[in-house]
Each structure stands twice: as structure tokens, then as C-alpha cells.
1. How big is the gap, in Å, between the Cα center of the range 230-306 and the Cα center of the range 127-143?
2. Out of residues 5 or more away from residue 55 or on other chains, whose amide H comes under 5 Å of its own, with H placed 1.01 Å from N in the peptide plane?
3. Can you list the lysines whose alpha carbon is less than 29 Å from that of residue 265, not counting same-chain residues fewer than 8 positions off?
4. For each of 108, 142, count neighbouring Cβ atoms within 10 Å of the residue's Cβ, then give the residues from fewest to most.
5. Tabulate in residue order the Karplus-calculated ³J(HN,Hα) for the range 227-244, using 6.51 cos²θ - 1.76 cosθ + 1.60 with θ = phi - 60°, rounded to whole Hz; enter x for Gly and Pro.
6. Convert each backbone phi in the range 248-265 into a coupling constant with the Karplus relation 6.51 cos²θ - 1.76 cosθ + 1.60 (shift: θ = phi - 60°), then list the ³J(HN,Hα) values in order as whole Hz, x for Gly and Pro.
7. Identify the residues of the range 180-204 with backbone N under 18 Å of a label point that sits 7 angstrom from the Cα of residue 99 along the Cα-to-Cβ direction, or state none.
8. From the square roots a ≥ b ≥ c of the eigenvalues of the alpha-carbon gyration tensor of the range 171-356, which class results: rounded (a/c under 1.5), prolate (a/b over b/c), or oblate?
Amino acid sequence: MASLTTTAPLAAIGEHVELFTVLDTPPTVLIVDGTELNRRVVKATLSSIAPRFLEARRPSEAFEILRSERVDLVICDMFLPELNGMEFCRKLKSERATQLLPVLMLTSVQGSEHEVDGLTSGADEYLLQPAHPNVLRARVQSMLRHKAALDSLDEVESILFTLAQAVEERDKCTSDHCRRLSYFSVELGIRLGLGRNDLLALHRGGYLHDIGKIGIPDSILNKKGELTAEEWHVMRSHVTRGEEICRPMKSLEAVLPVIRHHHEKWDGTGYPDNLRGGQIPLLARILQIADVFDALTSERPYKRAQSASDACRMLEDEVGRGWRDPELVPVFVRMIEGESDEARMSSGLRAMARSLNHH
């Protein structure tokens, strides 16, 4: 496989996400209003935008539609059957599948208190009716552009994870390394009582920590002998390259310290910043322990795979040398040795699935 030597095109993906649009699929607008005339007026006003319209008379119908249809924008009246518009909006924003779905709330009732209530319920925009047609069209177009940008971020993130797996496949010796690293890191995070956001960052970090190696030449990445000083300098650059690739993605902000600092050492002799002790971000310390353990227990052309027990002894030895966190390693060792492999994987994966909530 030919090696890539620059990260600039990858960084540009994040810088220009606003240019990503789904050109072959018209946007879909769901109108939720108990009055048919109101729905007809909204559709007629927005016909020039040429979206695909779906209609619901009440919230229960709207949720049924949302379970089966891809929707880009919800336009709802403040006063609805079953639930009022604010209750409907709160419920919509509380569910993971629809929490990022933009909502435009319409009402014919004047008063700033109603606008405040509408916006605090989670509506992204609030518009008093009858609105000028140009104003309604402008609001809807703006919200649809924002939704397209969010969708593009998801697409770019998927591209990054695909690239990370491509990096792994360049080295046959590291097959499935990212999945195992993600598992061990999240499992340790669960035992430490970390919150969902940290667990999600560990999960993502397991896959993205070495993405910067996409820019390392194969002659260095797969060299069988020892690397020269110059080659080591290039190899070590993968952590900063990886950070540069992922930095434009706001959703990966919590993963950046993991990518940059997973090769730091407790005594300050690691890279790239020679951080020492507690200066090293906690999530990076967690992932590096899992990374070392997986490397020790994996077979390489130049070594046999060690047993889990021997790998744990090696980690404890590295604590003695001042390389690893002296508090985290004992927790990791207890995690590995406290249960059988089968039991650990079963309980750990269930816990990870619950914590990550269908990432």
C-alpha cells in the first residue's frame, strides 16, 4: 500500500464541512399542526424551497413518522392536541435519536413570555404568525443548512474512523488492535467510575490514537530492524499528525489529548511534550496502559505473545521504572486478573454498550 505523506487534505475536510451537502436527496420537513389550513399555508409558503413534506396532526403521529422516516426539520405549532408544542419539543430533544433535529416553533399568540417558553423548551427558532413568507423561507433555509452541516460532521467522523482502520490494516501484526484497545480502555474507565463522555472519548481514542501513522512512510512503519534517530523522529510525529487530523472535528475535542499524549511517560521521558505525572491527561494514561498490555500480549515477527499474567508483571515493572501511573496500573491488573477472560469480556462489553448508548 502506498504511504501518504501529508495530513493537509485531511485537515481541510474539517475546515470545509459546510461544503458537504446531500445533493441527491431533497430535505424533508415534518409539519406538526392540528389545523389542516395551517399546514397547507406552510407548505405553500415553502414550496419554492422544494422540500419533501410530511404531516402530523398530533405529537403521537409525529413520533411515529420520526421512527420510520429521515427528517431534516420539524415545524410545529405551539398549541397541539395531546401535548402542547413545548412539551412536544422537550420530549423530542430528550431522545438521542432526535436531539439534534432542528425545531421551528410557530404561534399566533403574542408575548415575550411565550417566546421564552418556546426557546427554553428546546426549540431552535421561534416565529410569530402570520410571518412574512420571505422571513419563514429564510429561517427554514438557514435551519436546513445547519442540519446539513451537522450531517456532514457525522460523515467526516466516519471517514476518520475508516482511515484509522486503514492504518491498522497496513500492519498485519496489529490486526484488531484498535477494537481490543477500545475495549480495555473503556473497561478500565468504567472501573474508575468515569462518566459517559469520558468513556466515549476512550472508545473513540482506541480507534483514532494512531491515525497519524497514515502519514508515516511504509519504510519506517514496517521496518524490521531498529529505527535510526531520524526515523524515530518521523515515527514519533504520528501523535501530533493525528491531533492535526482530528482537531477540526469539534465532536472529537475530548479525544485530542488521548491522541497527542498516549506516549508520554510518568517520569517525563515520553513524547511529544515530556509531560510528567498528573500533567499527563487521565484518559491518555488509561489508553497507554491498555496499549502496552495489548502490545505485550500480541504476537509479532520478532517476539511471541506474552500471557496476560506476564504482561501484568511487565506493567508493574514499568511502574517501578517510573514509566506508568502507579495508581492506575494496579487497577488495570486487578481488572485483568480478577476475572476469567470469558467473564470479563461478557460483562465488560455489556457495560460498554450501556455506557456508550449505541455510539
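1. Centre-to-centre (Cα) distance: 49 Å.
2. HN-HN under 5 Å from residue 55: 31.
3. Straight-line reach from residue 265, under 29 Å: 172, 213, 223, 224, 250, 303.
4. Ranked by crowding around the Cβ, least crowded first: 108, 142.
5. These are the phi-based 3J(HN,Hα) values: 7, 6, 4, 5, 5, 4, 4, 5, 4, 5, 5, 5, 6, 6, 4, x, 4, 5 Hz.
6. x, 8, 4, 5, 9, 4, 6, 8, 4, x, 5, 5, 6, 10, 6, 10, 6, 10
7. Answer for this model: 194-204.
8. rounded
Just so you know, all these numbers are worked out from the coordinates, no wet-lab data involved. Keep in mind that what you see is a predicted model, and the values were worked out from it rather than measured. Neighbour counts run over all protein chains shown; Cβ positions are idealised from the backbone, glycine included.
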